[in-house]
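This report refers to the structure that appears directly beneath it.
No lab work stands behind these numbers, since they all come straight from the coordinates. Values in this document were obtained by computation on a predicted structure and should not be read as measured data. Positions of Cβ are generated from backbone atoms using ideal geometry, with glycine treated the same way; all protein chains shown enter the neighbour counts.
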Amino acid sequence: MSVTEKDVRYMADLARLQLSGEEVKSFAQDINKILDYMDRLDELDTSDVEPLEHVIDLDSRLRKDKAEAPLSHDDALKNAPDSDSDYFRVPKVIE
């Protein structure tokens, strides 16, 4: 699989990024290098390798969950940068 400059422009458009021609070329090369490396990894025989989550054995160091009273509707709206009546106002993200 190969990524073209057209693909990079499409992805940049989806992410709402403006890239120069040089950046498009650079990203296309970088992405293709990553994909080539992933193809090489895909060729490795891992049938005798035991699956693991971490290279080293780690104990869970998460704290215990503690239930607390949630924010009231009014307090949540007070934290909002912009609100209208009982609603949060957010910038338009869909054209």
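Helix 21-42 and the longest principal axis of the C-alpha atoms of the chain enclose an angle of approximately 70°. Each helix, a run of at least 4 DSSP H residues, gives -39500 (n - 2.57); summed and divided by the residues of the chain, these come to -13000 deg cm²/dmol at 222 nm. Across Lys25, Lys66, Lys33, mean-square fluctuation computed from a Gaussian network of the chain (C-alpha pairs under 10 Å connected) peaks at Lys66. Please report how far the C-alpha centroid of segment 1-22 lies from that of segment 43-95, rounded to the nearest whole angstrom. First find each Cα centre; the distance between them is then 29 Å.
For segment 2-12, 3J(HN,Hα) computed residue by residue from phi via the Karplus equation (6.51, -1.76, 1.60; θ = phi - 60°) reads 10, 9, 9, 4, 4, 4, 5, 4, 5, 5, 5 Hz, glycine and proline entered as x. Summarised in one figure, the compactness ratio Rg/Rh of the chain, Cα atoms and Kirkwood Rh, is 1.20. Panel order for His73, His54, by other beta carbons found within 10 Å of each beta carbon, from fewest to most: His54, His73. Sorted ascending by nearby beta carbons within 10 Å, beginning with the fewest, Met11, Met38 become Met38, Met11.
If the segment from Ile94 to Asp45 were pulled out straight at 0.36 nm per residue, it would be longer than the present Cα-Cα gap by 13.1 nm. Shown in residue order for segment 84-91 are the 3J(HN,Hα) couplings computed by the Karplus curve 6.51 cos²θ - 1.76 cosθ + 1.60 at θ = phi - 60°: 9, 6, 9, 10, 7, 9, 10, x Hz (x for Gly and Pro).
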